[in-house]
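Below is one structure; the comments refer to it alone.
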């Protein structure tokens, strides 16, 4: 993979990452923060560098996350981490989505609105399926 930078947020747990895409104001940082509150660690916020070893933050924003209406906060971070799930914000999730992979990372792609009740649980469940805790029977990762 040729190293490149994308507009996204990224969190990780147990050596695997979730990259979160979406337009400005879609809730990338807020979803990342919610996942951090559920045991994930920040990789990067706003810009993510993708390379052969996985996702990393640009040097200038390592360990920083912008929480809209609160400010910029410093917190622990990890990198590089291989991406196992990509989440695209901005579209309501299909009840039983077709299997799709992210062209940027090759990871399973999950499309969700990002502001619906249960979206954090949906992302955690998809991540757990991508990392082997659950088994895909049908849907986004099958």
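Fewest first, what order do 116, 49 take by the number of other Cβ atoms within 10 Å?
Lowest count first: 116, 49.
Which whole-number percent gives the relative contact order of the stretch 4-130, counting Cα pairs below 8 Å spaced six or more residues apart?
25
Angle between the Cα long axis of helix 119-130 and the longest principal axis of the chain, 0 to 90 degrees, nearest 10?
The two axes meet at around 80 degrees.
Can you put 142, 124 in order, fewest other beta carbons within 10 Å first?
142, 124
Go ahead and run the numbers for FRET between residue 142 and residue 62, Cβ-Cβ distance against an R0 of 35 Å, rounding to 0.05.
With R0 = 35 Å, the Cβ-Cβ based efficiency is 0.50.
Can you tell me, using C-alpha contacts under 8 Å and at least 6 residues apart, the relative contact order of the stretch 1-61 as a whole percent?
Rounded, it is 41 percent for the stretch 1-61.
Show that you can apply the helix-only estimate: for the chain, add -39,500 (n - 2.57) for every DSSP H stretch of four or more residues, divide by all residues, and state [θ] at 222 nm to the nearest 500.
The helix-only estimate for the chain comes to -4500 deg cm²/dmol at 222 nm.
Using the number of other C-beta atoms within 10 angstrom as an exposure proxy, rank 68, 13 with the fewest first.
Arranged by neighbour count, lowest to highest, 68, 13 become 68, 13.
Between residue 70 and residue 101, what is 0.36 nm times their sequence separation minus the Cα-Cα distance? Round to one decimal in nm.
Values: separation 31, 0.36 × 31 = 11.16 nm, distance 3.37 nm.
So the extension gain works out to 7.8 nm.
Just grab the label-to-label distance for residue 133 and residue 4, each label 7 Å out from Cα along the Cβ direction, in nm (one decimal).
Placing both labels 7 Å along Cα→Cβ, they lie 3.1 nm apart.
Take every DSSP beta bridge with both residues inside the chain and express the antiparallel ones as a percent of the total, to the nearest 5.
Values: 21 of 32 bridges.
Antiparallel bridges: around 65 percent, rounded to the nearest 5.
log10 I(q)/I(0), Debye, Cα-only the chain, no solvent, q = 0.09, 0.12, 0.14, 0.16 Å⁻¹?
-0.23, -0.41, -0.57, -0.75
Read-outs throughout are calculated quantities, based only on the coordinates presented, and are distinct from any laboratory measurement. Being a predicted model, the structure only gives us computed values, none of them experimental. Positions of Cβ are backbone-derived with ideal geometry, glycine not excepted, and every protein chain shown enters the neighbour counts.
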